[in-house]
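Novice: I am attaching a structure below and will ask some questions about it afterwards.
The values are calculated or read from the model by the stated rules, or taken from the named source; none is laboratory data. Since we're looking at a predicted model, the values are computed, not measured. For neighbour counting, all protein chains shown are included, and Cβ atoms are generated from backbone atoms with ideal geometry for every residue, glycine included. Ligands, DNA and RNA are stripped out before the accessible areas are found, and what is left, the full protein with its side chains, is counted by its heavy atoms. Shrake-Rupley method; radii C 1.70, N 1.55, O 1.52, S 1.80 Å.
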Amino acid sequence: MFSRFRRVRVLYRIMKNCPVFQDLTFLEWRRLEMIAHERNYKSKEIIFEQGDEGLGLYVVIEGKVQLAFEDHGVVREIDKLIPGDTFGEMTLIDGRDRLAQAVALEQTKLLVLFRPDVLSLIRTAPRVAAKVYSRLAELAAARLRSTLEQFKKMQRSP
Amino acid sequence: MKFDAVSPLVHWFWVIVAMILFFFSLNYVAWLVVPLVIAIVVNVVLTPLVDWLEGWGMPRIAAVIVPFVILGLIILAALPMLFSIMGTEDIQKVLGQYVNRTNDLVYNFLDKADDRFVFLEKYKLSESYKNLFDNFIDKHLPNIFVNALLGAFKLFPFFILAPFLAFFILLDGREFKRHILKGVPNRLFEQSLKVFHRFGEQVTRFLRGLFMESFFVGLMASIGLYLLGVPNYLLLGLLTGSLNVVPYLGPATAGILAFIVSTMNINESAILISLFHFSPQLVPLLVVILYVLVRIVDDVLIIPSVMGETLDMHPVVVVVALFSGGEIAGVLGLLLALPVVGVVHVTLKLLVPMLRIRLTREGKLASENYWEADGAQKD
């Protein structure tokens, strides 16, 4: 019981640094933790592949994760993720297929939030769901802006 | 991911096999299975309410306790009502009257048939029926009565275990799910999450639909019987609702029971009778019409709207399920036949494709070429 409480506290400290979860109070985070799954991955183990059905959001708790996408047989790295980073946020919004693949680079511990579980929070804990989804919308908007900026740049310099 | 579709014949074969195994197991573990089934149904019915209460900021445990207390109060309030409706007379006496009444009806019918049709005369149908009936009353009825009483005592643990289980499934159901998923290997994790979720969704929809259907059918029958001035309309409605779970046989049995009751004493100040001034003799006929109407409304309106596509079962499957359930596990088997077939059907439909996944990710680490590809190597 007590060790579980401590575990939740440790997780909370990590989650507080994620942009998506930064608004949650400790009690609200407890509500979210109830639906989260903890998974351990070995080094080089695939977490999900490009084109898989997108089922949820992952948070890196320990270890390192590489995001990459395959383009005509060439694998290009998008990002390396460290504890506190999240990936797969967009699947929480639209539930579409994965655009990239994720591979554990070392012994890695992840927290998984399954999309239907998070959606069920709208009924059981609307305040938590609203906080998470407003941050997700912000994130999506920011990415859209940066994509547009890049597009403009490309247009200017053909 | 694409899967080869399973042939419906093979699918239904396994559904029936699984169901028969389940009914056999009932002979040994009915004390556990039946409360569990009741608990799951209670869980499915109460979950929306509990979630709603929780959404208003109530802690989960309070949100679970409140509906239970309300349900308990309703049952406590309903029990004396049900018995007072039965009247001050002994239940036994009333039942005796019903049995005699049925007997008279059948005897008169056969007697008339004997008179009417010459070719039937030599069989003496009414005489042989009378012998059969008297024999039954003397020898078998006491046995049946005692067995029924003993059976009711045997049901006692159900009434304690079922709410207990329902309470903890409602409270900790999510935890159970998480613990089960903990044991799933990484390569199957996302798939299992999905299958789990879809399974829960479909079983929930099916059981909730079944409950809603029974509820509305019972309600319609109760209201109809009340308007027609049939005594014990609440009890009959309750019976109609619960028997409605048994396809084909259930509604017919409930209709016959209501018909028999309506041939006895009718409340002549009932709304419909005083409104249209028809003779109380007409009521049994109207009861039959009522049950046919309820059946039609159920088939045309209620089932399509509450069950959706979950109930695409062939009548042959349903009848086979009914017969095997009734044969192996008696009344319990009859009542559980449809819910069990539905749940097994949904389970197989979801599980078989999952088990058929070629385990492409089996122990698969990222391939060596992947690590040689550019950009990915430097760590």
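Novice: For the condition at pLDDT 65 or above and either within 11 Å of chain A (Cβ to nearest Cβ) or open to solvent by 70 Å² or more (accessible area, probe 1.4 Å) (or both), what is the one hit in B:349, B:364?
Specialist: The unique qualifying residue is B:349.
Novice: Take the residues in the stretch A:16-45 that are more than 8 Å from chain B (Cβ to nearest Cβ) and among the basic types (Lys, Arg); name whichever of them is surrounded by the most Cβ atoms within 10 Å (Cβ to Cβ).
Specialist: Among those that are more than 8 Å from chain B (Cβ to nearest Cβ) and among the basic types (Lys, Arg), it is A:31.
Novice: Tell me, which helices (runs of 4 or more DSSP H) wholly within the stretch A:46-158 include 2 or more residues that are within 11 Å of another protein chain (Cβ to nearest Cβ)? Break it down stepwise before answering.
Specialist: Details: elements: A:89-94, A:115-124, A:126-156.
Correct list: A:115-124, A:126-156.
Novice: Would a scan of the stretch B:30-46 turn up a residue that is surrounded by 14 or more Cβ atoms within 10 Å (Cβ to Cβ), within 14 Å of another protein chain (Cβ to nearest Cβ) and either over 26 Å from residue B:215 (Cβ atoms) or of a type in the set (Ser, Thr, Tyr) (or both)?
Specialist: No, that holds for no residue.
Novice: For residue B:190, only one of the following conditions fails: (1) of a type in the set (Asp, Glu); (2) surrounded by 16 or more Cβ atoms within 10 Å (Cβ to Cβ); (3) more than 14 Å from chain A (Cβ to nearest Cβ). What is its number?
Specialist: (3)
Novice: Find the helices (runs of 4 or more DSSP H) located wholly in the stretch B:196-282 whose residues include 2 or more that are open to solvent by 30 Å² or more (accessible area, probe 1.4 Å) and closer than 16 Å to residue B:296 by Cα, and list them. Walk me through how you get there before you give the answer.
Specialist: Numbers: elements: B:233-243, B:249-262, B:271-276.
Of the helices (runs of 4 or more DSSP H) lying wholly inside the stretch B:196-282, those with at least 2 residues that are open to solvent by 30 Å² or more (accessible area, probe 1.4 Å) and closer than 16 Å to residue B:296 by Cα span B:249-262.
Novice: Would you call residue A:50 open to solvent by 60 Å² or more (accessible area, probe 1.4 Å) and not aliphatic (A, V, I, L, M)?
Specialist: yes
Yes or no, residue by residue, for (1) modelled with pLDDT of 90 or more; (2) surrounded by 14 or more Cβ atoms within 10 Å (Cβ to Cβ); (3) closer than 26 Å to residue B:187 by Cβ:
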| site | (1), (2), (3) |
| --- | --- |
| A:63 | yes, yes, yes |
| A:90 | no, yes, yes |
| A:110 | yes, yes, yes |
| A:124 | no, yes, no |
| A:129 | yes, yes, no |
| A:132 | yes, yes, no |
| A:135 | yes, yes, no |
